[in-house]
1. If you average the alpha carbon positions of the range 177-215 and of the range 126-143, how far apart do those two centres end up, in angstrom?
2. Can you work out the FRET efficiency for the pair S242 and D117, with r the C-beta to C-beta distance and R0 = 41 Å, to the nearest 0.05?
3. Taking loop as defined by DSSP and a crowding limit of 12 other beta carbons within 10 Å, which trypsin sites (Lys or Arg not before Pro) in the range 124-204 fit?
4. Using a 1.4 Å probe and counting only protein heavy atoms, arrange S194, S125 so the residue with the most accessible area comes first.
5. Using only the alpha carbon atoms of the chain, find the Kirkwood hydrodynamic radius as the inverse mean reciprocal pair distance, in angstroms to one decimal.
6. Classify the range 43-117 as rounded, prolate or oblate, taking a ≥ b ≥ c as the square roots of the eigenvalues of its Cα gyration tensor: rounded when a/c is under 1.5, otherwise prolate if a/b is larger than b/c and oblate if not.
7. To the nearest 20 debye, what charge dipole does the range 152-244 have about its Cα centre, counting +1 at the Cβ of each Lys and Arg and -1 at the Cβ of each Asp and Glu?
8. Among S264, L295, L278, whose Cα sits farthest toward the positive end of the charge dipole of the range 198-298 (+1 at Cβ of Lys/Arg, -1 at Cβ of Asp/Glu, about the Cα centre)?
Amino acid sequence: MKSLTRILSGAAVALCLIAQPAFAQESAPAAPQQDPRVEIIQQQLQQLKAQGASDMELTILETMAYYQFGMNEQADAKIADVKKAIPEIEKTDGPNSENARAARAIVLMGDARKSWDKGDMDAASALIGQAFVQVPEVAQAIAGEWVNTYWQDKVMADVTIPMDKPLAIAAGGETTLGDLVKGNKAVYIDFWASWCGPCMQAMPELKARAAEYSAKGIVFAGVNLEDAASAEKVAKDLDISSTPLKWLLETEAFPLSDLLNITSIPHVALISPEGKVLWLGHPADPALMQAVAKLADS
């Protein structure tokens, strides 16, 4: 096999950043039930395969991507293949080879993820450290996202979103989060832009969620990060006026995405009537709709 470090430092970096705007491409909307992350990951893997990545390297990279985005079931299925392959890798490449160490590192990260999910931070930290000793790039690529999310949640727990600040309505006028959520349980805010391929792919699912949960106390709003013309064009193309979606623009006076420390899109914030951040992350994360369903049933 080729050097995994070479791949990680090159095109495979895309797997660590697939939600970033720089990697977004316009495409037709996906089926609502399809997880857009899977399609994007597979596209990146195909590119890496064309560049000479071996099957084992692709398995390791795919597993890393799944763990980064909290897709633990998919990651566990792949990590089993990595674990089975370790003896053969050690035999053919040598036990101290980079590929053998990378395979051991990903297995250690799988165990670390399980400890992390249980809240055993000491055990998780020890396992991440062991993986770092094997191949630092593997541990960093996976754990970096976990650590960022961990501290983001800590910070957001202390943040209260101003509910009286104006947000522009794309068609004209202004509203506030307080006005939107009044008499309801929460406001679901989807941050998006028309140039963001994953954002546009997720629009059918956003419409479906709004149709299902708007009558159950959840207000749905799409907040465009561009301008009124861009937002209105998409609204017309997707017939947003026939849906319960609130179609908004972020204003310079109230940079809500900055307050929520959003650095990639699509990104969703679920905010209580009191301005507390109930959930923050990628719209395809199953935990989001678990939180929405729990609120709707409360």
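1. For the range 177-215 versus the range 126-143, the Cα centre distance is 36 Å.
2. Values: r = 40 Å, r/R0 = 0.98.
Efficiency computed from Cβ-Cβ geometry: 0.50.
3. Details: sites: K154, K182, K185; in loops: K182, K185.
Loop-located and lightly packed - K182.
4. Working: S194 30, S125 65 Å².
Listed by decreasing accessible area, they come as S125, S194.
5. Details: mean 1/r = 0.0487 Å⁻¹.
In the chain this quantity evaluates to 20.5 Å.
6. On the way: a/c = 2.26, a/b = 1.14, b/c = 1.98.
Note, shape of the range 43-117 comes out oblate.
7. Working: 9 positive and 13 negative charges, 55 e Å.
About 260 debye.
8. Comparing the listed Cα positions along the dipole, L295 ranks first.
The values are calculated or read from the model by the stated rules, or taken from the named source; none is laboratory data. Bear in mind the structure is a predicted one, so any value in this text is a computation, not a measurement. Every residue, glycine among them, receives a Cβ derived from its backbone with ideal geometry; neighbour counts consider all protein chains shown. Keep in mind that these areas ignore ligands, DNA and RNA; they rest on the heavy atoms of the full protein, side chains included. Shrake-Rupley method; radii C 1.70, N 1.55, O 1.52, S 1.80 Å.
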